[in-house]
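Taking it in order: structure first as C-alpha cells, then the write-up.
Only the coordinates and a few stated rules stand behind these numbers; no lab work does. None of the values given here were measured: they were computed from a predicted structure. Ideal geometry is used to build each Cβ from the backbone, glycine not excepted, and the neighbour counts take in all protein chains shown.
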Amino acid sequence: MPRKLTPARKLVLASHNKGKLREIEALLRPLGIEVVSAGALGLPEPEEDAPDFAGNARIKALAAAIATGLPALSDDSGFCVAALDGAPGVYSARWAGPAKDFGQAMTSVHERIGDNPDRRAWFVAALCLAWPDGHTETFLGRIDGAVVWPPRGDKGFGYDPMFVPAGSGQTFGEIEPDQKHAVSHRARAFAQLLMACFG
C-alpha cells in the first residue's frame, strides 16, 4: 500500500531546477502542503548516475529525505527524440552544459536530427516520493508530440520551445503555464502520485 502524505506535512522538493520547482509548487499548492526546496536548505545535488529517469528521481528524493528527516519529492525528466534513438533522454540537462544553456541544447538537437524526416518526440517525467526510512513511491508520466524548428515561445523552460504536443498547434513554450500543467508529462505523473499518496 502506498504511504499517504497528510496536508499538514512539510515536504522537501529535491530539485535545484527553478522551472521544475515552479511547476511542482503550482501542482502542490491546492493540497496545503508546506514546501521547501533542496536549494533553500543548502542541500548538495547528488550524482545522478542511474540509467533511467525513475532511478535518478529515486537517488535525489532519498538523498533529500535522509539529509532532512522529512519526506522528499523529486522529479527526473527529459526530452526524448525518436530520430536520436531517444536522446537526449536522461542526459537532457547535461546537453545544456554547466551554463544550463538550453538554446544551445536545442540547437544541438536540431543539428543532430539533420534532414531525418522522423520528428516524433516525447517528454518523460518520473516523480519519486521518499521517506527518511528509505521507503519510496515512483510514478511515471509521458506526453508525445513532435520537434519543431525554430523554437517558439518564452513561457516554458528547457526544451519546451521546440516541442509541440500531439493535438496542439503550439509549443510548450507558447502555451500558458496553466494549460501546460493540465496536460504535461509532469502533470500526468503527478495525477498518479495524487491518487496514491494524497487520496
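So, in Å, what gap is there between the alpha-carbon centers of segment 85-139 and segment 149-199? The two parts, judged by their Cα centres, are 14 Å apart. Lysine pair count for the chain (Cα-Cα distance under 24 Å; residues 8 or more apart in sequence or on different chains): 17. Counting only DSSP H runs of at least 4 residues, each contributing -39500 (n - 2.57), and dividing by the residue count of the chain, the helix-based mean residue ellipticity at 222 nm comes to -9000 deg cm²/dmol.
With angles folded into 0 to 90 degrees, how steeply does helix 18-28 sit against the dominant principal axis of the chain? Use alpha carbons for both and round to 10. Tilt relative to the chain: about 60 degrees. The alpha carbon convex hull volume per residue for segment 10-197 rounds to 109 Å³. Here's the picture: charge each Lys and Arg Cβ at +1 and each Asp and Glu Cβ at -1 in the chain, and of His16, Thr138, Thr6 the one pushed furthest to the positive end of that dipole is Thr6. By the Stokes-Einstein formula, at 0.890 mPa s and 25 °C, segment 119-190 with its Kirkwood radius over alpha-carbon pairs has D equal to 191 µm²/s. For segment 10-197, the relative contact order works out to 19 percent when only alpha carbon pairs closer than 8 Å and six or more residues apart are counted. Taking the Cα centre of segment 121-165 as origin and assigning +1 to Lys and Arg Cβ atoms and -1 to Asp and Glu Cβ atoms, the resulting dipole is close to 220 debye. Among Asp76, Asp144, the order by Cβ neighbours within 10 angstrom, fewest to most, reads Asp144, Asp76.
Note on the chain: dipole from Cβ charges, positive end direction compared against Val164, Thr107, Trp95; the farthest Cα belongs to Val164. Kirkwood hydrodynamic radius of segment 60-112, from the reciprocal of the average inverse Cα-Cα distance over all distinct pairs: 12.7 Å. The charge dipole of segment 1-154, taken about its Cα centre with unit charges on the Cβ atoms of Lys, Arg (+1), Asp and Glu (-1) only, comes to about 500 debye.
Ordered by the number of other Cβ atoms lying within 10 Å of each residue's own Cβ, fewest first, Met195, Met162 fall into the sequence Met195, Met162.
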